[in-house]
1. Which ones in the range 109-167 are of a type outside the set (A, V, I, L, M, F, W, C), under 30 Å from Glu229 (Cβ atoms), open to solvent by 40 Å² or more (accessible area, probe 1.4 Å) and over 23 Å from the mean Cα position of the chain (by Cα)?
2. Of everything in the range 362-378, what is outside any loop (DSSP other than H, G, I, E, B) and touching a residue at least 24 places away in the same chain (Cβ under 8 Å)? Give them in sequence order.
3. Can you work out which of the residues in the range 179-193 that are among the hydroxyl-bearing types (Ser, Thr, Tyr) and not in a strand (DSSP E or B) is nearest to Thr363 (Cα to Cα)?
4. Sort out which residues of the range 301-332 are open to solvent by less than 60 Å² (accessible area, probe 1.4 Å) and hydroxyl-bearing (Ser, Thr, Tyr), and write them in order of number.
5. Taking the stated definitions as given, is Val191 open to solvent by 10 Å² or more (accessible area, probe 1.4 Å), among the β-branched types (Val, Ile, Thr) and in contact (Cβ under 8 Å) with a residue 24 or more places away in the chain?
6. Need the failing condition index for Cys172 against (1) closer than 16 Å to Ser138 by Cα; (2) in contact with a Pro (Cβ under 7 Å, 6 or more places away or on another chain); (3) of a type in the set (A, V, I, L, M, F, W, C), just the number.
7. Criterion first (part of a strand (DSSP E or B) and at negative phi) does Asp150 satisfy it?
8. Counting just the residues of the range 160-178 that are in a loop (DSSP other than H, G, I, E, B) and among the charged types (D, E, K, R), which one comes out farthest from Gln235 (Cα to Cα)?
Amino acid sequence: MNPIKNIIILLLTISFTGCITQFVPETDEDKDILVVEGMITDQPETYTVKLSKSMPLGKKAALKPLKGCSVSVSDDKGNYYLFRESSTAGTYLSDKSVFSGVAGRKYTLHIFTGNATPSHYSYQSLPMELISTPPIDSLYYEKVVIKEKDENSGPKEGCQIYLNTHDESGKCKYYRWDYTETWEFRLPYMVTNHICWITNNSTVIKIKNTSVLSENVIRKYPLNFISSETDRLSQKYSLLVNQYSLNEDEFNYWEKLQNVSQDVGGLYDVIPASIPGNIFCVEDPAERVLGYFSVSGKSSERIFIKETFRGLINLYRQCPVDTIYGNKPIPNLNSSVWVIVDEPYSMPPYKIITDKKYCADCTTRGVTIKPDFWDEEK
């Protein structure tokens, strides 16, 4: 649910900062607002509910984790499942050994703030039916020529990743996707830490509605584009895609958030507080609550890409800053300068140094631990 938090923080930041004298419109909103991020699926995994409070209008843009709450989920069979608060403030986790979502059942989120807020209010979501999602039929990619070769430089290529899926049952007509990308990169110098991996989660909203199509089929959906201005394609790249089922109301919610993330900029743009979610305050239904409790079927697929792409950016072109001849100690070594080339047996011996740590240690950007799945490509 990270896109919700990112959009909320972005909009609050835009509202509260600027190079001109701050304008705070008159409002009757004199208290902070509960922000809920939560999802359950039909997969045997730990589910997460995150609770926080937004700052009142005119205050510094930030979300404050809400600790000490009671969080549970009930189903339409009368079962209740408690969530425990984790060591991360405001984050509540399920026990995957006793609770997994089941397609066809309806689930309701319950929150009691207790002493976490002065009001001691209770909140709950509307009952949400879990709709199963079909498997992803295929993930594939195509090379894209970003720039043709000219007299000044060679060609540049990027990579467009596509997705195909369909649902013969016709039950799932609204889809959402998120993904996790992992890539290997290597420093061009034989330093100690020269091979690393980076993992990033998607922050964009990817949704599709097939109810307006003649058939419940999605072909060649553009999931992610990788440009030549990154080293993602320099060695090996992996994308893990999660596909979620949505009902029509949740699809409309994500669509409005998507519009906000693309069109933010003016005083009268749609803001998250004006986008209704599915969570309300039991004692005061008029109170605003931000966020959405998602109940979704989930399927996943991974793609690996290991191919040569032309014209990728060289992030290390400016690394060497000096050559030191001889075997004398280098002042401030590993403090403000680092050795990236060491040739002690050359005549004369020499070292090449840099003042950019990322040129000498890949852990400034990634980790040296190879992912468990890295050698699993088909």
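The values are calculated or read from the model by the stated rules, or taken from the named source; none is laboratory data. Just so you know, these numbers come straight off a predicted model, no measurement behind them. Every residue, glycine as well, gets a Cβ built from its backbone with ideal geometry; the counts of neighbours run over all protein chains shown. Heavy atoms of the whole protein, side chains included, go into the accessibility calculation; ligands, DNA and RNA do not. Shrake-Rupley method; radii C 1.70, N 1.55, O 1.52, S 1.80 Å.
1. Passing the criteria: Glu142, Lys143, Lys147, Glu148, Lys149, Asp150, Glu151, Asn152, Ser153, Lys156.
2. Filtering the range 362-378 down to residues outside any loop (DSSP other than H, G, I, E, B) leaves 362-364, 367.
Matches in the range 362-378: Cys362, Thr363, Val367.
3. Here is the first cut: in the range 179-193, the residues among the hydroxyl-bearing types (Ser, Thr, Tyr) are 179-180, 182, 189, 192.
Add one more test, that the residue is not in a strand (DSSP E or B), and what stays is 189, 192.
Values: Tyr189: 14, Thr192: 10 Å.
Among them, the one singled out is Thr192.
4. Matches in the range 301-332: Tyr316, Thr323.
5. When the stated conditions are applied, Val191 passes them.
6. Condition not satisfied by Cys172: (1).
7. Values: part of a strand (DSSP E or B): no; at negative phi: yes.
Against the criterion (part of a strand (DSSP E or B) and at negative phi), Asp150 does not qualify.
8. Going through the range 160-178, the residues in a loop (DSSP other than H, G, I, E, B) turn out to be 167-173.
Okay, now just the ones that are also among the charged types (D, E, K, R), so 167-168, 171, 173.
Details: Asp167: 35, Glu168: 38, Lys171: 40, Lys173: 37 Å.
By that ranking, first place goes to Lys171.
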